[in-house]
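What follows draws every value from the coordinates through simple rules; no lab data is involved. Since the structure is predicted, the reported quantities are computational estimates derived from the model, not experimental observations. With ideal geometry, Cβ positions are generated from the backbone for all residues, glycine too; neighbour counts draw on all protein chains shown.
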């Protein structure tokens, strides 16, 4: 028998909490419901036990809903999140979705809206076990791309897979470009398709986007499927064919144009540190850890979503810092770099180190 | 079921604009909305100053800083021990001026 899903409901109004507990009790999946009347209590509960779904109000004293969601997004990326609010501001709605929230719902005003809300929640809970891409129920990314191309649509698909983000441009039913973590065109497309789960959203079409993919979508999907089959097969224990192994990621990073040194560190002091070309690794490591932690905390306080990267420079040097799997990556470039290079190379380097 | 909705929605918007802080982190001038909490600007300023200061102590003589979040970009330049700081909200569709 499948375990009952667990929902954590956060609102500073105790009456509403009780009312919603009753309403959620109507869900066919009979979820176990826990209540928290503040953001900090919610975070403490999440720390103590696993949940399937978080329903959060936005306007709360001290730690508001956006701040709670910013923390949750970083610490529990797999947790489904729903914002339930009285606020109808479109900019706020867009900001909430930018934080990676599954559903933004205005507090229901009548019985019909309550029923709709419950239907959506049930749908979210039932999708929980199935995997696949959030945004379209039980469809793989290949299905989504095929649907868009067959319908001759023009759109941009923005796909998020943990800390990675990719975009696929479709124009008049044809795949014209893709981009992720420093990769472009077909290479980026193949990388995005190798992601097994994530979230996606459709952005308005960009008709002016230059074309970098010239193969048909069918051919590309076929190639990607073959590559995935091969990687699955490679994962199975078998006799290793003779292959040339690529150099370790840290070597690939220091081989990038303009890069002078790199330092990759884990989430805590006991985790291994690898560095290449760093003159004073201990001092750099301390600065990198402090700086990442400082701006991660600030991001949570301002509720502006996860920290992506930090660039720092002077007239003679350039430094980049990115969070990687709980730890981080520090790169130093030789001399001042042209605009955009540091951001791009840092993104690529962080992607190389992703577990 | 009118009581489902609360009144007076006042969630803090993202900051957009620039401000300067002195070496102690005190706010000197700002183009941000006057109702944006000074405490938050001060905190932002202090974090930027601490980053510059610690970088110098490490042998990194940095003068410019860009911090990118999903929803906000912070750009700062050291200014005679203090700093000028620009904040730009970001959306999935690009930067908000």
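Structure values in brief
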{"quantity": "Folded to 0 to 90 degrees: helix A:14-24 orientation relative to chain A principal axis, Cα", "calculated": "90 degrees"}
{"quantity": "Nearest-ten-degree value, helix A:65-75 long axis tilted from longest Cα axis of chain A", "calculated": "50 degrees"}
{"quantity": "Folded to 0 to 90 degrees: helix A:39-48 orientation relative to chain A principal axis, Cα", "calculated": "70 degrees"}
{"quantity": "√(5λ) per eigenvalue of the Cα gyration tensor, the stretch A:249-353, largest first, Å", "calculated": "20, 17, 13"}
{"quantity": "Spin-label pair residue A:293/residue A:143, simplified geometry with 7 Å Cα→Cβ offset, distance in nm", "calculated": "4.4 nm"}
{"quantity": "Amide N proximity, the stretch A:181-222 versus residue A:151 label position 7 Å along Cα-to-Cβ, cut-off under 19 Å", "calculated": "A:199-207, A:217-218"}
{"quantity": "Residues listed by number, the stretch A:87-104, amide nitrogen under 12 Å from residue A:158 label point at 7 Å toward C-beta", "calculated": "A:94-101"}
{"quantity": "Added length on full extension, which subtracts the Cα-Cα distance from 0.36 nm per residue, residue A:86 to residue A:280", "calculated": "64.6 nm"}
{"quantity": "Chain A - percent relative contact order, Cα under 8 Å, separation 6 or more", "calculated": "11 percent"}
{"quantity": "Inter-part distance where the stretch A:11-72 and the stretch A:241-294 are each reduced to a Cα centre, Å", "calculated": "39 Å"}
{"quantity": "Length added when fully stretched, residue B:79-residue B:22, from 0.36 nm per residue minus Cα-Cα", "calculated": "19.7 nm"}
{"quantity": "Residue with peak Gaussian network fluctuation, chain A [Cα springs, cutoff 10 Å], from A:205, A:42, A:271", "calculated": "A:271"}
{"quantity": "Within a Gaussian network of chain A (alpha carbon springs, distance under 10 Å), most fluctuating of A:24, A:103, A:203", "calculated": "A:203"}
{"quantity": "Antiparallel bridges, percent of DSSP beta bridges restricted to the protein assembly as shown (to nearest 5)", "calculated": "80 percent"}
{"quantity": "Theoretical ellipticity at 222 nm over chain A - DSSP helices of four or more residues, -39500 (n - 2.57) apiece, nearest 500", "calculated": "-12500 deg cm²/dmol"}
{"quantity": "Binned Cα-Cα distance frequencies in the stretch A:141-231 - 10 Å width, integer %", "calculated": "18, 57, 24, 1"}
